[in-house]
Amino acid sequence: MIYEDIAEFAETVPAFTALAGLDLGTKTIGVAVSDSLRQVATPLETIKRKKFTQDAEKLIAVLEARQISGIVLGLPRNMDGTEGPRCQATRAFARNLSGHWQGHVTFWDERLSTVAAERALLEADTTRKRRAEVIDHVAAGYILQGALDRMRHLNAP
């Protein structure tokens, strides 16, 4: 099931289950996961993209191994908030994936997530080669952490 609204997603995704964050690129998919209490997002891995079916199989294997109940997919809006071709591709990926995986899917505005990830890696004095290897799943961590923080705020008294 795909949810446009993070509040609706938060209400329907089963409690005490982990979530995954995805940074979907044309060549890679960055994957991050949360703990079952949904407090912390941890960058996990970067999947090199091939064909959709192969990408979906590898991604679903990760989701099932970690008992993930929902995905937060980074939505690459333009800086003015409009949606371009990359947003359309991300929404199409979500629709196609939901045909193969029965979990919950929502979107999170990912503007500047890669910039934030790059900055954090530079501050950690990460080599250029290592940054290239990890940037996508670190960006996925930023996407997922933003959604987790928002969901926690929605549930606050």
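Is one or more of the residues making up the stretch 47-59 more than 22 Å from Ala10 (Cβ to Cβ), of a type outside the set (Val, Ile, Thr) and in contact (Cβ under 8 Å) with a residue 60 or more places away in the chain?
No, the stretch 47-59 contains no residue that is more than 22 Å from Ala10 (Cβ to Cβ), of a type outside the set (Val, Ile, Thr) and in contact (Cβ under 8 Å) with a residue 60 or more places away in the chain.
Condition first: part of a helix (DSSP H, G or I), of a type in the set (S, T, N, Q) and more than 16 Å from Asp23 (Cβ to Cβ). Now tell me which residues in the stretch 76-102 satisfy that. Explain how you work it out, then say what you get.
Here is the first cut: in the stretch 76-102, the ones part of a helix (DSSP H, G or I) are 85-98.
Those left that are additionally of a type in the set (S, T, N, Q): 88, 90, 96, 98.
Once the filter is applied, which keeps residues that are part of a helix (DSSP H, G or I), of a type in the set (S, T, N, Q) and more than 16 Å from Asp23 (Cβ to Cβ), the stretch 76-102 yields Gln88, Asn96, Ser98.
Just to be sure I understand, how many residues within the stretch 39-72 are under 24 Å from Glu118 (Cα atoms) and basic (Lys, Arg)?
2
So Ser34 fits all but one of (1) among the polar types (S, T, N, Q); (2) crowded, with 20+ Cβ neighbours inside 10 Å; (3) more than 11 Å from the chain's Cα centre (by Cα); what number is the exception?
Condition (3) is where Ser34 drops out.
Condition first: at pLDDT 90 or above and not hydrophobic (A, V, I, L, M, F, W, C). Now tell me which residues in the stretch 17-39 satisfy that.
Our first condition is that a residue be at pLDDT 90 or above; within the stretch 17-39, this holds for 17-24, 27-39.
Within the stretch 17-39, Thr17, Gly21, Asp23, Lys27, Thr28, Gly30, Ser34, Asp35, Ser36, Arg38, Gln39 meet the criteria.
Tell me whether the stretch 89-99 contains one or more residues that are modelled with pLDDT of 85 or more, within 17 Å of Thr28 (Cα to Cα), of a type in the set (Lys, Arg) and surrounded by fewer than 21 Cβ atoms within 10 Å (Cβ to Cβ).
Within the stretch 89-99, one or more residues are modelled with pLDDT of 85 or more, within 17 Å of Thr28 (Cα to Cα), of a type in the set (Lys, Arg) and surrounded by fewer than 21 Cβ atoms within 10 Å (Cβ to Cβ).
Which ones in the stretch 92-103 are free of Cβ contacts under 8 Å to residues at least 60 places away in the same chain and either among the hydroxyl-bearing types (Ser, Thr, Tyr) or within 14 Å of Glu4 (Cβ to Cβ) (or both)?
If the condition is that a residue be free of Cβ contacts under 8 Å to residues at least 60 places away in the same chain and either among the hydroxyl-bearing types (Ser, Thr, Tyr) or within 14 Å of Glu4 (Cβ to Cβ) (or both), then no residue fits.
Answer yes or no as to whether Ala15 is in a loop (DSSP other than H, G, I, E, B) and more than 15 Å from Ala147 (Cβ to Cβ).
For Ala15, the condition - in a loop (DSSP other than H, G, I, E, B) and more than 15 Å from Ala147 (Cβ to Cβ) - is met.
Of all residues in the stretch 37-57, how many are more than 26 Å from Ala120 (Cβ to Cβ), aliphatic (A, V, I, L, M) and in a loop (DSSP other than H, G, I, E, B)?
Number of matching residues: 0.
The values are calculated or read from the model by the stated rules, or taken from the named source; none is laboratory data. It should be emphasised that the depicted structure is a prediction, and the values quoted were computed from it without experimental measurement. Cβ sites come from the backbone with ideal geometry, for glycine too, and all protein chains shown count toward neighbours.
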